[in-house]
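Visitor: First the structure, then my questions, so here it is.
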């Protein structure tokens, strides 16, 4: 896999921010990036699941 330039920036932000939103065009590698970063003890949550989306809406 190619190294992503944004990885270091996301790591810096996560040092003092508990949640980071990553947006971009389809097939740009967002999910791959986040899942790889999640291997170091972080949790990956997608709002594609209706139950998770409703939980986020009712208790952000």
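Nothing in this text is a laboratory measurement; each read-out follows from the coordinates by a stated rule. The structure presented is a predicted model; accordingly, all values stated were derived computationally and were not measured. As a convention, Cβ positions derive from the backbone with ideal geometry for all residues, glycine included, and neighbour counts pool all protein chains shown.
Visitor: Could you please let me know if residue 19 is exposed (fewer than 10 other Cβ atoms within 10 Å of the Cβ) and within 11 Å of the chain's Cα centre (by Cα)?
Guide: yes
Visitor: Residue pairs, Cβ under 7 Å, 6 or more apart or interchain, first in the stretch 1-22 and at negative phi and free of Cβ contacts under 8 Å to residues at least 24 places away in the same chain, second surrounded by 10 or more Cβ atoms within 10 Å (Cβ to Cβ) and in a loop (DSSP other than H, G, I, E, B). List them.
Guide: 13/20
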